[in-house]
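The values are calculated or read from the model by the stated rules, or taken from the named source; none is laboratory data. Owing to the predicted nature of the structure, the values given are computational and were not obtained by experimental measurement. Ideal geometry is used to build each Cβ from the backbone, glycine not excepted, and the neighbour counts take in all protein chains shown.
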Amino acid sequence: MITGNNYIGNKQSAIGEKTYKTFNPQLNLENKPIFTEASKEEIDEAVALATNAFKIFRTVSGEKKASFLNAIADEILALDDELIQTYCSESGLPEGRAKGERGRTVGQLRMFADLVLEGSWVEATIDTAQPEREPLPKSDIRKMLVPLGPVVVFGASNFPLAYSTAGGDTAAALAAGCPVIVKSHPMHSGTGELVASAIIKAAQKTGMPNGVFSNLNSRGIEVGSQLAKHPGVKAIGFTGSIKGGRALYDLAAQREEPIPVFAEMGSVNPVVILPSALKNRNAVLAKTYASSITLGTGQFCTNPGLILGIKSDDLSSFIKNLSDEIIKIEPSCMLHPNIIGAYEKNKQNAISQAELQVVADYDLDVPTNYARQTVTTVKGKTFLENPTLHQEVFGPYSIVVQCENEAQLTSIISKLEGQLTGTLIADGNEASQYPELISALRNRVGRLIYNGVPTGVEVCASMTHGGPYPASTDSRFTAVGIHSIKRWVRPFSYQDWPNNLLPNELKNENPLGILRNLNGKLTNQSI
Ligand code: NAP
């Protein structure tokens, strides 16, 4: 049952004065539960508990962390229909999507459980001593990855499960050995509370220290700002707007002890359609992209918001086909009145720019909170000269840019802000004729897609979900897949440390049997 309380470690608490409700965008009504925003005292207590819990949790074995993560997955599944119904009532998203996202969330938790159970992820690196080395003897040095400390996670509005309370950031941080304090997203605080209850149950069942997890409610930026400035917090994970992510990044940088902020923010995900593909697959591509632009009402960070081609009759007919196809799609509900408000405002701002032509605009009546899809087009030169047209319009919106030639197309790509993805649509051997264009695209994005759509982010070890700023605040890391654990750790070396005092990962005997770099060679042998 949803109480509206915060979880301060294992305890439920609601001593604050500010309350709020979530909103059902399908019914255009507030949901019933009343949530109490976390007070300053509760924030301090959650951080103090996390700091204490870290002393124990950072030494917990991979086997025990795996049991904890698997238990969270089990407890989330046990929430069953209550979770699915709450998710739908707070997001306007359909039941199928809720179930799919729950599957992804549970899958991510189990993936990290497997990773820490196996154990080699710590990248143990050992250079044994060379006492006879001339002119100076060499010490025994052993390195591994160790957790940073308490992490604050800001859940995403557009992924109430997979990138929120027990989502990718939380699963990766717990796997690393970092206690987590979630700043619950105000649009889906009920979903967040249910998932938080599952994490707390799992922590108690598997004997994790009190404070390994807390969940704080808030509506407004105060709780998040206090957490970002709190000296006990050692890193931040964020998914959302550039404005929010950048504000937290700046706050964290201004602290006496600056801390890393891993923010995954906006992206327009450029798609380049080369001439032969445009000629041979025009209608199919238009249909595919009409679906991709409107998928999830365009509320994906990988939504294709920018399509680029070289001016031709084929590009003109693609624009016509895309418009015809997208208008056929039934509009759907957005997550929240604020999100649809932002969509309408940003779309109007884009449309009001000089020399922009609206080619598809769903103009039939739609229910409240439903988004009308829109496609616009503009000349390459106009796009190049107007940075407003480069900005993300979060929702079912895309702009097709008609470039004069390949040089202008390459120049546009080079001048784009950092992006999560870039897509190349090409036929046969066509791509090999555009090395400069491809090179420019690779330099601006975190993932290059060939003949596909950017929507759909597979959770697997080889995935990069990140990219140059502002796609993310640190392009060296991914927010999806097992390597996202590296955001929450730092390298640490022992020099000439007694074998019996080393962690198991670095002991001579290699008791965990993990893969280690021993004097330059990867092996799981003992020393
Ligand atoms: P948001 O406004 O960035 O908020 C995300 C979270 O960060 C919320 O919990 C919010 O708290 C907190 N926050 C925001 N600014 C903060 C600040 N200055 N200090 C401390 N905390 C702060 O994103 P959103 O609510 O998810 O959606 C708003 C817009 O973000 C959308 O319309 C869309 O344009 C964009 N968005 C983009 C993506 C993407 O993947 N590209 C994904 C989601 C959203 P409070 O709400 O409590 O203030």
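The residues of the stretch 32-43 that are among the acidic types (Asp, Glu) and without any contact (Cβ under 8 Å) to a residue 40 or more places away in the chain amount to a single one, 41.
Taking helices (runs of 4 or more DSSP H) as the structural unit, those lying wholly within the stretch 28-110 and holding at least 1 residues that are assigned by TED's automatic domain parsing to the domain that holds residue 179 and over 30 Å from residue 230 (Cα atoms) correspond to 62-78, 80-91. Residue 149 fulfils the conditions (1) part of a helix (DSSP H, G or I); (2) more than 14 Å from the chain's Cα centre (by Cα) except for a single criterion, (1).
Collect the residues in the stretch 167-217 that are more than 16 Å from the ligand (Cβ to nearest atom) and part of a loop (DSSP other than H, G, I, E, B), keeping them in residue-number order. Of everything in the stretch 167-217, those that are more than 16 Å from the ligand (Cβ to nearest atom) and part of a loop (DSSP other than H, G, I, E, B) turn out to be 177, 178, 179, 206, 207, 208, 209, 210, 211, 212. What number of residues within the stretch 119-146 satisfy the criterion of being over 30 Å from residue 160 (Cβ atoms) and in a helix (DSSP H, G or I)? Counting residues in the stretch 119-146 that are over 30 Å from residue 160 (Cβ atoms) and in a helix (DSSP H, G or I) gives 2. Residue 388 fulfils the conditions (1) under 22 Å from residue 242 (Cα atoms); (2) not hydrophobic (A, V, I, L, M, F, W, C); (3) not in a helix (DSSP H, G or I) except for a single criterion, (3). A search for C-beta distances below 6 Å between a residue of the stretch 341-355 that is farther than 12 Å from residue 394 by Cβ and assigned by TED's automatic domain parsing to the domain that holds residue 399 and any residue that is part of a loop (DSSP other than H, G, I, E, B) and more than 11 Å from the ligand (Cβ to nearest atom), counting only pairs 6+ apart in sequence or on different chains, returns 353/386.
Residue 188 fulfils the conditions (1) buried (at least 24 other Cβ atoms within 10 Å of the Cβ); (2) closer than 15 Å to residue 9 by Cβ except for a single criterion, (2). Here 240, 245 are screened, and the one residue that is in the same structural domain as residue 53 (by TED's automatic domain parsing), in contact (Cβ under 8 Å) with a residue 40 or more places away in the chain and surrounded by 24 or more Cβ atoms within 10 Å (Cβ to Cβ) is 245.
None of 288, 368, 377, 297 is within 16 Å of the ligand (Cβ to nearest atom) and of a type in the set (Val, Ile, Thr) except 297.
Scanning for something more than 16 Å from the ligand (Cβ to nearest atom), among the polar types (S, T, N, Q), modelled with pLDDT of 95 or more and crowded, with 24+ Cβ neighbours inside 10 Å, does the stretch 414-431 turn up at least one residue? Scanning the stretch 414-431 turns up at least one residue that is more than 16 Å from the ligand (Cβ to nearest atom), among the polar types (S, T, N, Q), modelled with pLDDT of 95 or more and crowded, with 24+ Cβ neighbours inside 10 Å.
Checking each residue of the stretch 298-310 against the condition of being among the aromatic types (Phe, Trp, Tyr) and over 25 Å from the mean Cα position of the chain (by Cα) gives no match.
Selection of the stretch 339-365 for residues being modelled with pLDDT under 95 and surrounded by fewer than 17 Cβ atoms within 10 Å (Cβ to Cβ) yields 361, 363, 364, 365. So which residues in the stretch 136-164 are within 17 Å of residue 336 (Cβ to Cβ) and not aromatic (Phe, Trp, Tyr), if there are any at all? Matches in the stretch 136-164: 155, 156, 157, 158, 160, 161, 164.
Would you confirm whether or not the stretch 307-330 contains a residue that is within 16 Å of the ligand (Cβ to nearest atom), assigned by TED's automatic domain parsing to the domain that holds residue 366 and either under 18 Å from residue 376 (Cβ atoms) or free of Cβ contacts under 8 Å to residues at least 12 places away in the same chain (or both)? Within the stretch 307-330 (the criterion being within 16 Å of the ligand (Cβ to nearest atom), assigned by TED's automatic domain parsing to the domain that holds residue 366 and either under 18 Å from residue 376 (Cβ atoms) or free of Cβ contacts under 8 Å to residues at least 12 places away in the same chain (or both)), the answer is no, since none of the residues qualifies. Of the residues making up the stretch 195-216, those that are surrounded by fewer than 24 Cβ atoms within 10 Å (Cβ to Cβ) and at negative phi are 197, 198, 200, 201, 204, 205, 206, 209, 210. Sub-6 Å Cβ pairs linking a first residue in the stretch 47-76 that is in contact (Cβ under 8 Å) with a residue 24 or more places away in the chain to a second residue that is of a type in the set (Phe, Trp, Tyr), at least 6 apart or interchain, are 69/112, ordered by first then second residue.
Can you pull out the residues in the stretch 218-236 that are part of a loop (DSSP other than H, G, I, E, B), surrounded by fewer than 22 Cβ atoms within 10 Å (Cβ to Cβ) and more than 8 Å from the ligand (Cβ to nearest atom)?
230, 231, 232, listed by residue number.
Inspection of the stretch 312-329 finds a residue satisfying the criterion of being in contact with a Ser or Thr (Cβ under 7 Å, 6 or more places away or on another chain), buried (at least 20 other Cβ atoms within 10 Å of the Cβ) and under 27 Å from residue 458 (Cβ atoms).
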